[in-house]
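Reviewing the structure listed below.
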């Protein structure tokens, strides 16, 4: 079959872009012909060896953070329409907002949407990453954008959600039911690789990952219980500077080790050597970091509610805490750090769950089967 995958852009290798690119490569290996269409793709980071045709609608000056994107939205939609009619795919697969703003009918070609989440339009978690002026401008602008974007969802023949949590939110805001198919991780790649050290891992690529909560919690521990390192992953230098200042204020800076941006191989080693991974995003739709860590036999402590509750079974393969629950965060940390054998057992349970429920190959296969069903249904 021939599939057109529509994504906002391909510049950084992570998040929804990484998901759609890995899915595209999976499909290509299955013999499917793939057209990957986005505003702009950085060929130095996204260079396929599987015959994927990468098509730019515009160029790097029109990314979604720019004024040009919003002023030329109509033109972008028209150019996409021409590209689809020229490529003549069997199906069109929209991946993530704001590519949903380009949704339209392409003659009789079926259309699928995998939105990942609708947080940017309806929540406040990820807009924490914006500066104050951008924050308030987006809060106001999205009030008008919601009603327009909502009308475009009628063009989707099938909507696939990455969690029951996301599916519930989609039904609440759009009145559309969706099929729940969780993402997966590469269980052949993300495997335990190294002995455990007295350290925990967390992320600070953006404010929404809330590493400050961890620093504040750890500052309340006594000296005996706080004898461990905090490994922080993230390449935002300005945010790192602020975190360092905050850690100094709390007297926990000596515990912190920054790793900046890391490769997958480096990340796997860090997951494997740490005794726990701390995931403190509010209302997460899912949690790729969580399943990667669990795949490396490292249990996760995460904030609920969210898609995390569909991944972690509390006190079996990890722990769930409430928002700003410093007491239980510390309790579970100490429980793992002071009982290494218990932590290893949690890690074994975590790996077992990932193998059975979040194997990327199997999850991609489920999505592909639903794509084929839509194509066959449309033909009949």
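The values are calculated or read from the model by the stated rules, or taken from the named source; none is laboratory data. Keep in mind that this is a model prediction, so the values were computed, not measured. Neighbour counts are summed over all protein chains in view; Cβ atoms, including those assigned to glycine, are modelled from backbone coordinates with ideal geometry.
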Looking at the stretch 332-364 only, could you name the residues that are surrounded by 14 or more Cβ atoms within 10 Å (Cβ to Cβ) and free of Cβ contacts under 8 Å to residues at least 24 places away in the same chain? 335, 345
Look at the stretch 84-99 and say how many of its residues are modelled with pLDDT of 95 or more and out of contact with any strand residue (DSSP E or B) (no Cβ under 6 Å at 6 or more places or on another chain). 3
Output the qualifying pairs, or none if there are none: Cβ atoms under 7 angstrom, residues six or more apart or on different chains, first residue in the stretch 151-177 and outside the structural domain of residue 290 (by TED's automatic domain parsing) and free of Cβ contacts under 8 Å to residues at least 24 places away in the same chain, second residue part of a helix (DSSP H, G or I) and buried (at least 16 other Cβ atoms within 10 Å of the Cβ). 176/153; 176/170
Return yes or no: is residue 152 at negative phi, assigned to a helix (DSSP H, G or I) and buried (at least 16 other Cβ atoms within 10 Å of the Cβ)? yes
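When you scan the stretch 198-283 for helices (runs of 4 or more DSSP H) that lie fully inside it, which ones turn up with 3 or more residues that are outside the structural domain of residue 124 (by TED's automatic domain parsing) and touching a helix residue (DSSP H, G or I) at 6+ places or on another chain (Cβ under 7 Å)?
Values: elements: 211-218, 237-250, 264-273.
Helices (runs of 4 or more DSSP H) meeting the threshold: 211-218, 237-250.
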Select from the stretch 108-139 the residues that are more than 15 Å from the chain's Cα centre (by Cα) and modelled with pLDDT of 95 or more and list them in ascending order. 109, 110, 111, 112, 113
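Please specify each residue of the stretch 79-99 satisfying the condition of being touching a residue at least 40 places away in the same chain (Cβ under 8 Å), assigned to a helix (DSSP H, G or I) and over 25 Å from residue 119 (Cα atoms).
If the condition is that a residue be touching a residue at least 40 places away in the same chain (Cβ under 8 Å), assigned to a helix (DSSP H, G or I) and over 25 Å from residue 119 (Cα atoms), then 83, 84, 87 are the ones that fit.
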Looking at this structure, is residue 146 assigned to a helix (DSSP H, G or I), out of contact with any strand residue (DSSP E or B) (no Cβ under 9 Å at 6 or more places or on another chain) and closer than 11 Å to residue 174 by Cβ? yes
Condition check: outside the structural domain of residue 337 (by TED's automatic domain parsing), part of a loop (DSSP other than H, G, I, E, B) and modelled with pLDDT under 95. Does residue 193 satisfy that? yes
Restricting to the stretch 177-212, and then to whatever is within 18 Å of residue 307 (Cβ to Cβ) and more than 17 Å from the chain's Cα centre (by Cα), can you tell me which residue is surrounded by the fewest Cβ atoms within 10 Å (Cβ to Cβ)? 177
